[in-house]
Structure formats: structure tokens, C-alpha cells
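S.K.: To start, I am sharing the structure in question, which I have written as C-alpha cells.
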Amino acid sequence: MKIMDFLSKEAILPDIKSTKKEEVIKELVDALVQAGDIDKSGSNKLIEALMERESLGSTAIGQGIAIPHAKSESITKLVGAFGLSRKGVDFDSLDGEHVYIFFLLVAPQDSAGPHLKALARISRLFKDKHFRDNLRICQDREGIIKVISQEDEKI
């Protein structure tokens with residue numbers, strides 16, 4: 001499974017402005033709405049689902065990475081948004097560090113298989129320090145797409 005198959009190119013934010021967990025999630029969901037990947041009418045329910053998932057345990061997995069994710073009936077296809085924070089965000093990370101790289105993943109309620117495959121793929125990629133470092137220095141959407149696409153080609 002390739003990241004670019006479900007990552008919305010228009011929902012890549014090279015400079016997230018938000019400084020709090022819920023604000024970051026809203027900013028990424030808004031990017032998916034603006035990109036036309038999700039309907040605005042379902043965005044509040046989606047944000048609730050994402051925050052509910054966060055209440056079970058932070059999706060900040062350490063090393064400056066968070067992968068907020070949820071399933072929702074307001075979603076019709078597996079889709080992702082990506083964001084970089086220059087300042088870092090306290091996201092209740094497992095290692096206590098701030099988060100700089102965000103990959104938001106949302107899926108339809110009944111799509112357990114693709115949802116889990118996508119999460120596994122994202123997690124595997126982010127274990128690579130070289131990949132993380134290359135993403136963090138990107139200054140624009142095109143640079144982020146290039147770095148992710150190059151990793152996708154290695155599959």
C-alpha cells in the first residue's frame with residue numbers, strides 16, 4: 001500500500017499554525033474539507049471521533065510523530081492529511097517530546113482492513129530516522145510530496 005494512494009495532496013500543510021492537540025486535529029480536518037475529500041457537514045463528528053480516540057491514549061508515538069486516526073460514518077473513503085509543525089506541539093507523546101510531524105488518517109466505519117494496513121505502512125515509514133529528518137526540513141507541499149513519493153517507490 002502506497003502512502004500517496006490515500007494521502008490527499010491538497011491536505012498537506014507544510015507549516016501548521018496550531019499549538020494545541022485539538023487545534024491541530026481541527027486544522028488537518030479543515031484541510032481535508034478544503035481539499036474536497038470530506039464533507040464539511042461531517043467534519044464536527046469526525047473531530048469528535050478523533051478526539052475520542054485520543055482520549056483512549058495519545059496517538060503521538062514518540063520521536064516527534066503523531067498519527068491521529070479514526071473511523072467515522074461521515075467518511076466515504078480512506079484518506080489522509082499531513083502536517084509539519086515548526087515549533088512543535090505538546091500532543092501527550094509517549095516519550096514526553098513535542099510533535100513536529102502529523103499524519104491524520106480517517107476511514108469509513110466499515111473499513112478495518114485498509115485502515116489497519118495504512119496505519120501499519122505509516123508507522124513503518126516513520127521508524128526511519130532519515131525519512132523523518134527529510135520530511136522535517138521540507139519547506140513546501142511539493143517537497144513533502146517528493147519525499148513521501150520517493151519512499152513509496154521503494155515498496
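S.K.: Less than 12 Å apart at the alpha-carbon level, and either on another chain or at least 8 residues along: which aspartates and glutamates does that give for Lys20?
M.R.: Asp90, Asp92
S.K.: Additional query: Within the set Lys26/Lys146; Lys45/Lys129; Lys40/Lys154; Lys40/Lys127; Lys77/Lys127; Lys45/Lys154, which residue pairs have Cα atoms separated by over 31 Å?
M.R.: Over 31 Å Cα-Cα: Lys45/Lys129; Lys40/Lys154; Lys40/Lys127; Lys45/Lys154.
S.K.: Okay, next question. Explain nothing, just compute: Karplus ³J(HN,Hα) = 6.51 cos²θ - 1.76 cosθ + 1.60, θ = phi - 60°, for every residue of region 123-136 in order, whole Hz, x for Gly and Pro.
M.R.: Working through the residues one at a time gives 4, 4, 4, 6, 6, 7, 4, 4, 4, 4, 4, 4, 5, 4 Hz.
S.K.: Right, here's the next one. Over region 1-58, what lengths in whole Å, largest first, do the semi-axes of the equivalent ellipsoid take, defined as the square roots of 5 times the eigenvalues of the alpha-carbon gyration tensor?
M.R.: One finds semi-axes of 19, 14, 13 Å for region 1-58.
S.K.: A further question follows. How much length is gained on full extension from Gln63 to Asp92, taking 0.36 nm per residue of separation minus their Cα-Cα distance?
M.R.: Extending this stretch completely gives an extra 9.2 nm.
S.K.: Same structure, new question: Nearest 5 is fine: what % of DSSP beta bridges in region 25-155 come out antiparallel, could you say?
M.R.: 60 percent
S.K.: Now for a different question. What is the magnitude of the charge dipole of the chain about its Cα centre, with +1 placed on the Cβ of each Lys and Arg, -1 on the Cβ of each Asp and Glu, and no other charges, expressed in debye to the nearest 20?
M.R.: The calculation lands at about 320 debye.
S.K.: Just add up the charged neighbours of Phe91: K/R +1, D/E -1, any other residue whose Cβ is under 14 Å from the Cβ of Phe91.
M.R.: Computed value for this residue: -3.
S.K.: Okay, moving on. So what does log10 I(q)/I(0) come out to for the chain at q = 0.12, 0.13, 0.14 Å⁻¹, using the Debye formula with one equal point on every Cα and no solvent?
M.R.: With no solvent term, the Cα-only Debye profile gives -0.43, -0.51, -0.60.
S.K.: A further question on this structure: Return, ordered by residue number, the residues of region 48-65 whose backbone nitrogen is under 15 Å from a label point located 7 Å along Cα→Cβ of Lys127.
M.R.: Answer for this model: 61-63.
FYI, it's all coordinate maths here, none of it is from the lab. On a predicted model such as this, the values are computed, not experimentally measured, just so you know. So basically every Cβ, Gly included, is an ideal-geometry build from the backbone, and we count neighbours across all protein chains shown.
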